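Below: one structure, written as structure tokens.
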Amino acid sequence: MDIPSLTIDGVRAGLLARRFSAVELTAEALRFAEAENPRTNAYLHFSTERALAQARRVDQQVARGEDPGPLAAVPVAVKDVIVTQGVRTTCGSKLLAHYVPPYDATAVARLERAGGVMLGKTNCDEFAMGSSNENSAFGPVRNPVALDRVPGGSSGGSAAAVAQGTAVVALGSDTGGSIRQPASFCGVVGVTPTYGRVSRYGLTAFASSLDHIGPFARTVKDAATLLGVIAGRDVRDSTSAAAPVPDYTALLDGNVKGLKLGLPREYLRELTKETGEPILRGVERLRKLGCEVREISLPATDYAIACYYIIATAEASSNLARYDGVRYTTRSGHGETLSDMYRNTRGEGFGAECKRRIMLGTYVLSAGYYDAYYLKAQKVRALIARDFANALQEVDAIVAPVSPFPAFKLGEKIDDPVAMYLSDIYTITGSLAGIPCMSVPCGETAEGLPVGMQILTRHFDEATMFRLADALEKTMGVGNARTQQRG
Ligand code: GLN
């Protein structure tokens, strides 16, 4: 069985034709993932028993002649900020190294209900804060395309698992780019759905007004299938939307003729040549398919990084207050008083990036500064959202870079937080506006590093985004960068 070449359709066909059972596939996928993992450190732990139990359920359904669901037997990896009942969920943090949640996130429950088999939990930056996966307390992830480079972050483990071929699809989370940027760096598809499209019940909160769960896959169709499974209203998350979920895969006919695309001027200014060229070539391919491309302007773009790092840190400082050694987390054994216990638990447990954000966030929310920073940032956020709303009245979709540069070397930016924050420049805007956005492979640099194109559409119009990405993918050949590199 060639696990890395599997797609959702391929698994389904093999299963229904009885070429393999779900248990056989799962056992082989687990064996392969465990053997490959030392190369990349993509998985933090495997959920072997749960995976095999789920596979047995799928086999029983097949034996009874029942439909085993759209993800039947599909090996899935899940980012370790998404809680899983009975399976350790660390959030990449020492503080939660031993935390075993008592319930499942809705997205996980839904993918299992659809027959998906969770193989294990993937590495990530601590509490999803980072752009390189180097902020994990359990060691960095290596990019399977180039092992001396980062996979991007914070969902680096999920992107690497899919790129490496150990999982067919994966779940990640995105607050300011954590699905799209690693997808671009690893040469896979990564989708940040509309804010509210997918329930966050069971997603460990980082910045609640920005957090999303979304899929990684090697093909647009697989990403669309996975989103279709996890999307939709959930009574357990009051921010989840009741908007109907279309059958995304039925709309992937390769026809994008007449769609109007906007290329934002502000996103091309500082783009390096190595990343810019593959993107412009990708845009050219869409033009040849009949899309109309025009330049647009998103004038508030310059304020996006400042705005995001105020809002995200403010919300994080509040969300991370619960890791105090009382409600959650391993308690420090040092100190005499209650205050010592809090201080030592948090001081010893959090990594440098989390501490930096808690301090920043507490500062911008403090009484004398709230209006000057947090309130101001909220106003800027409204301007950024308005830019997109205006542009998307003129065009059907916006095409843009995902990141100013391709995957960088491990260690290259870790001592310079500001340089690291700048890697999010093209992704945080879509997150602040809450619109659907994704990264689809569109080529590679001269060195052979993958480059993703970002596609952004109107609220709840993932369908147009998938159609465009799928049409582009069909002109490129599936899994282009990854397959060539790994080969
Ligand atoms: N890199 C961004 C940050 O560090 C985005 C992270 C994310 O989307 N979770 O905040």
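Within this structure, Ser154 passes the test of being more than 12 Å from Gly214 (Cβ to Cβ), near the ligand (Cβ under 9 Å from one of its atoms) and touching an Asp or Glu at 6+ places or on another chain (Cβ under 9 Å). Scanning segment 434-462 for residues that are more than 24 Å from Glu277 (Cβ to Cβ), of a type outside the set (Ser, Thr, Tyr) and buried (at least 24 other Cβ atoms within 10 Å of the Cβ) yields a total of 3.
For beta carbons closer than 9 Å, sequence separation of 6+ or different chains, a first residue in segment 353-366 that is among the hydrophobic types (A, V, I, L, M, F, W, C) and a second that is surrounded by fewer than 17 Cβ atoms within 10 Å (Cβ to Cβ), the qualifying pairs are Ile358/Ala321; Val364/Tyr370; Val364/Ala372; Leu365/Ser318. Selection within segment 90-129: residues that are within 16 Å of the ligand (Cβ to nearest atom) and of a type in the set (Ser, Thr, Tyr). The member of this set that is surrounded by the most Cβ atoms within 10 Å (Cβ to Cβ) is Thr122. Is it the case that Ser332 is polar (S, T, N, Q) and not in a helix (DSSP H, G or I)? For Ser332, the condition - polar (S, T, N, Q) and not in a helix (DSSP H, G or I) - is met.
If you go through segment 209-237 and pick out every residue that is away from the ligand (no atom under 12 Å from the Cβ) and within 20 Å of Cys354 (Cα to Cα), you end up with 1. Here Ser47 passes the criteria (1) within 17 Å of Val11 (Cβ to Cβ); (2) in contact with a Leu (Cβ under 9 Å, 6 or more places away or on another chain) except the one numbered (1). Looking at the structure I just gave you, is Ser132 outside any loop (DSSP other than H, G, I, E, B) and near the ligand (Cβ under 9 Å from one of its atoms)? So Ser132 fails the test. Of the residues making up segment 130-144, just one is surrounded by fewer than 22 Cβ atoms within 10 Å (Cβ to Cβ), among the hydrophobic types (A, V, I, L, M, F, W, C) and out of contact with any Lys or Arg (no Cβ under 8 Å at 6 or more places or on another chain), namely Phe138.
Restricting segment 430-453 to residues that are under 21 Å from Leu259 (Cβ atoms) and over 13 Å from the mean Cα position of the chain (by Cα) leaves a set whose member that is farthest from the ligand (Cβ to nearest atom) is Gly443.
Each row is one residue, and each column tells you yes or no for (1) of a type in the set (Gly, Ala, Ser); (2) within 24 Å of Val141 (Cα to Cα); (3) touching a strand residue (DSSP E or B) at 6+ places or on another chain (Cβ under 8 Å).
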site: Asp2; (1), (2), (3): no, yes, no
site: Thr7; (1), (2), (3): no, yes, no
site: Ser21; (1), (2), (3): yes, no, no
site: Glu28; (1), (2), (3): no, yes, no
site: Phe32; (1), (2), (3): no, yes, no
site: Ala72; (1), (2), (3): yes, no, no
site: Val76; (1), (2), (3): no, yes, yes
site: Ile82; (1), (2), (3): no, yes, yes
site: Leu95; (1), (2), (3): no, yes, no
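Val326 passes every criterion in (1) hydrophobic (A, V, I, L, M, F, W, C); (2) surrounded by fewer than 21 Cβ atoms within 10 Å (Cβ to Cβ); (3) at pLDDT 95 or above apart from (3). The residue of segment 261-314 that is farthest from Ile384 (Cα to Cα), among those that are touching a helix residue (DSSP H, G or I) at 6+ places or on another chain (Cβ under 9 Å) and assigned to a strand (DSSP E or B), is Val293.
The values are calculated or read from the model by the stated rules, or taken from the named source; none is laboratory data. Note that this is a predicted model, so its numbers are computed, not measured. Every residue, glycine among them, receives a Cβ derived from its backbone with ideal geometry; neighbour counts consider all protein chains shown.
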